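Take a look at the structure set out below.
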Amino acid sequence: MQLSSRSPGRPHQPHPPPPASAAAPVPGAVAGYRLVELGTLGGDSSSAVAMNNRGDVVGRAQAADGTYSGFLWRHGRMTDLGALTPTDVNDRGQVVGYPTDGSGGYVWLKRKLLATPS
């Protein structure tokens, strides 16, 4: 038996059953968000470190040869950032991070890696 609320003067209307195609919730998912598989740069693993309000994601991913590179994931496409280890991305798409050799801070913008002033 399905229960429903009744308003005075309105006939009883049972609640419809949930649609058969409703997806099961992902354990641990936060309401209003969805889980997206970002992929890799050809290897076995990747990990995200930051995401902006536009949905751009930065992190590190393994390449087919086993090495790791920084990445920017935007609009379903992963871009290799090379030796840059990203730490954040702002809403303008500017990625900040440091190279694997620890030689200072950099900004990746419009496919260019720019050193930050010391």
Which residues, counting only those in the stretch 47-83, are charged (D, E, K, R) and in a strand (DSSP E or B)? R60, R74, R77, D80
Evaluate the stretch 94-114: report whether one residue or more is of a type in the set (S, T, N, Q), within 23 Å of G32 (Cβ to Cβ) and out of contact with any strand residue (DSSP E or B) (no Cβ under 6 Å at 6 or more places or on another chain). no
Answer with yes or no whether V49 is open to solvent by 70 Å² or more (accessible area, probe 1.4 Å) and of a type in the set (A, V, I, L, M, F, W, C). yes
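This table checks each residue for (1) farther than 13 Å from V96 by Cα; (2) modelled with pLDDT of 95 or more.
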{"site": "A50", "(1), (2)": "no, yes"}
{"site": "N53", "(1), (2)": "yes, no"}
{"site": "A61", "(1), (2)": "yes, yes"}
{"site": "D65", "(1), (2)": "yes, yes"}
{"site": "W73", "(1), (2)": "yes, yes"}
{"site": "G76", "(1), (2)": "yes, no"}
Kindly indicate whether any position in the stretch 31-45 is in contact with a Leu (Cβ under 9 Å, 6 or more places away or on another chain) and β-branched (V, I, T). no
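The values are calculated or read from the model by the stated rules, or taken from the named source; none is laboratory data. Fair warning: this is a prediction, and the values are worked out from it, not measured in the lab. Glycine gets a Cβ as well: all are built from the backbone with ideal geometry, and neighbour counts include every protein chain shown. Keep in mind that these areas ignore ligands, DNA and RNA; they rest on the heavy atoms of the full protein, side chains included. Shrake-Rupley method; radii C 1.70, N 1.55, O 1.52, S 1.80 Å.
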